[in-house]
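Below is one structure; the comments refer to it alone.
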Amino acid sequence: MGAHHPECPQRLGAINDRLIASGLEAYLEFHDAPLATDAQILRAHSADYLAELRAAVPEHGIHHLDPDTAIGPRTLDAALRAAGAGVLAADLVVSGRADNAFCAVRPPGHHACRSRAMGFCLFNNIAIAALHALDAHGLERVAVVDFDVHHGNGTEDILGEDARVIMASTFQHPFYPYSGDRDAPEHWVNVPVRAGLRGEDLREIVTTRWLPALRSFAPQMIFVSAGFDAHLEDDMASCALVEADYAWVTAQLRALECAGGRIVSMLEGGYALSALGRSAVEHARALADL
């Protein structure tokens, strides 16, 4: 993305370093992500958009798709692997070869719309993974849960008219991308929050809003857009969550009987490197029930 851009390679390094320091890596199984196929991408994105992205890849340097989102010579390969990670994770979890999965990927995905890149995102990784579970594995109902500090407008654009999907989310509002507070599908649970969101606020939202809706919809699998930029230390926004809050909400999702603990989580935001590493590891720890 260029020098000094918050969506930087060091984000994944921070997570990996914290996994090693915590000792958690010894209890996890690691997989290298494959490249997503065109057919998998095209479940969520238009053919014209995929062609436009390929045409935009520069031979050298960086080409900006919008003021926030850039692409370099190898960016498209990275984005295809990020999407492929969610596809592989869905395969592993649906087949029972893994109880659940956390995909430490970049670029993130939840702002990527059907025909538009934005907000650091090229492909909507979580939508691609969810649609793969539905279309390739024959699941009838899935949930997307998004606790990134920004609204997952791309996920809503792609999945909003799919009756097989429910979305439960919180996001700071008014804030980028200035959406999510209106026109969502009736059974979705988008909860805009003011700056200053704290753990007790999140717990009330999850307990009184998310969980009743999720139980009523009874998803067979849950896909998590795991953004950690609502953390107290992250100056990308103005919220005040801490690692324990992410662990708590993860445990609540894991305990939902309808999904049987089948969760695929994919990294979205989180730009304060130490807070990102700590939060992602506590999220993974809760997924692993350790």
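Okay, here's what the table says:
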read-out	value
Modelled FRET efficiency - R0 22 Å, residue 30 with residue 289, Cβ distances, 0.05 increments	0.75
Spin-label model distance (nm) - residue 115 vs residue 140, 7 Å beyond Cα toward Cβ	3.4 nm
Leading residue at positive end of dipole, the chain (Cβ point charges), from 13, 117, 149	13
Within the chain, longest stretch free of exposed GluC sites (Glu not before Pro) [DSSP loop, at most 14 other beta carbons within 10 Å]	60-139
Contour minus Cα-Cα distance for residue 50 and residue 198 (0.36 nm per residue)	49.4 nm
Which of 173, 110 has the fewest Cβ neighbours within 10 Å, and the rest in rising order	173, 110
GNM top mover of 174, 107, 192 - the chain, alpha-carbon springs below 10 Å	174
Compactness of the range 47-119, expressed as Rg and Dmax over alpha-carbon positions, Å	14.2, 43
Using a Förster distance of 22 Å, the FRET efficiency for residue 207-residue 258 (Cβ separation, nearest 0.05)	0.85
In nm, spacing of pseudo-spin labels at residue 235 and residue 64 (7 Å Cα→C-beta vector)	2.1 nm
Computed over the range 54-195, Kirkwood Rh from alpha-carbon pairs, angstrom	15.9 Å
Cα centre as origin, Lys/Arg/Asp/Glu Cβ charges: the chain dipole, Debye	320 debye
Amide H within-cut-off set for residue 70, under 5 Å, with H built and near neighbours excluded	65
Choice from 150, 132, 187 with maximal GNM fluctuation in the chain (Cα, 10 Å cutoff)	187
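Any read-out appearing in this document is the output of simple, stated calculations on the displayed coordinates, not a laboratory observation. Only a predicted model underlies this, so the values are computations on that prediction, with no experimental measurement involved. Neighbour counts run over all protein chains shown; Cβ positions are idealised from the backbone, glycine included.
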